[in-house]
Amino acid sequence: MQASPYGMESLWLQGDSVTKGVAVLLLVMSIASWYVILTKALQILRYRRASSAAGHRFWDTGNLQEGVATLGNNNPFSDLARAGMEAMRHHSAHKGHLHDQLSFSDWITLSLRQAIDECTAELQSGMAVLASVGSTAPFVGLFGTVWGIYHALVAIGTTGQASIDKVAGPVGEALIMTALGLAVAIPATFGYNALVRGNKSILARLNKFGFDLHALFVTGARSGGDDSPGRSGAAQIGSA
């Protein structure tokens with residue numbers, strides 16, 4: 001069966017270097033945006049499972065080591081807890097040097113804040129790609145549209161005729177470029193907004209967990225936690 005003279009295959013075969021360059025650029029932008037969307041979505045899902053452990057299982061363990069083990073590895077909640085433990089050990093080991101300069105509470109606060117800032121930077125990595133694709137892809141497609149219309153005008157000027165068979169190809173090329181630009185930009189924009197909401201949710205849970213950890217390290221008990229059986233465990237640092 002003969003291929004349509006106005007389809008994607010025809011666009012590629014009949015297009016010049018500019019048309020092909022725009023098409024390839026849009027394809028690269030689409031692949032990059034979908035890669036970021038999928039990887040960041042999986043990252044957020046993994047972090048949400050860790051946040052569930054940080055909100056429940058961590059505080060029901062017998063000591064800090066067991067509590068950190070429930071958080072798993074390679075997630076901001078376990079990194080935050082380990083950063084707090086390391087800060088506590090560091091301050092105790094260098095009490096003679098740090099005590100007069102920085103209080104234990106301030107030292108723990110700085111350490112936890114640094115860990116949260118590192119998590120924030122990790123969550124935001126790749127978001128610039130989605131923002132760039134979502135904002136520029138329509139204009140890249142628009143450039144292809146203008147180039148297709150230019151070809152249509154050249155065809156009319158060369159032949160002196162404005163018949164449909166002379167302009168259908170270039171105009172179809174222009175419309176396809178517009179559609180490709182939108183097809184690339186729309187998923188990137190929706191993905192960016194969804195990931196921003198997901199990142200905010202993770203950071204809110206992480207800040208709450210950091211606040212509870214700060215209270216645990218400084219006062220020996222979780223902020224707002226009671227001392228009843230089943231809610232002690234890691235909620236009291238004395239058992240660490």
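The values are calculated or read from the model by the stated rules, or taken from the named source; none is laboratory data. The structure presented is a predicted model; accordingly, all values stated were derived computationally and were not measured. Every residue, glycine among them, receives a Cβ derived from its backbone with ideal geometry; neighbour counts consider all protein chains shown.
Being over 18 Å from Ala53 (Cα atoms), at pLDDT 85 or above and not β-branched (Val, Ile, Thr) is true for just one of Asn207, Asn193, Asn199. Which residue is that?
Details: Asn207 fails: over 18 Å from Ala53 (Cα atoms); Asn199 fails: over 18 Å from Ala53 (Cα atoms).
Checking each option against the conditions leaves just Asn193.
Quick one: which of Ala183, Ala155, Ala174 is at pLDDT below 70, among the hydrophobic types (A, V, I, L, M, F, W, C) and either out of contact with any strand residue (DSSP E or B) (no Cβ under 6 Å at 6 or more places or on another chain) or over 28 Å from Ser135 (Cβ atoms) (or both)?
Selected residue: Ala155, the only one of Ala183, Ala155, Ala174 that is at pLDDT below 70, among the hydrophobic types (A, V, I, L, M, F, W, C) and either out of contact with any strand residue (DSSP E or B) (no Cβ under 6 Å at 6 or more places or on another chain) or over 28 Å from Ser135 (Cβ atoms) (or both).
Does any residue of segment 21-30 turn out to be modelled with pLDDT of 80 or more, farther than 30 Å from Val146 by Cβ and surrounded by 20 or more Cβ atoms within 10 Å (Cβ to Cβ)?
Taking segment 21-30 first, the residues modelled with pLDDT of 80 or more are 21-30.
Going one step further and asking which of them are farther than 30 Å from Val146 by Cβ, we end up with none.
No - not one qualifying residue is present in segment 21-30.
Taking segment 44-79 on its own, how many of its residues are charged (D, E, K, R) and touching a residue at least 40 places away in the same chain (Cβ under 8 Å)?
4
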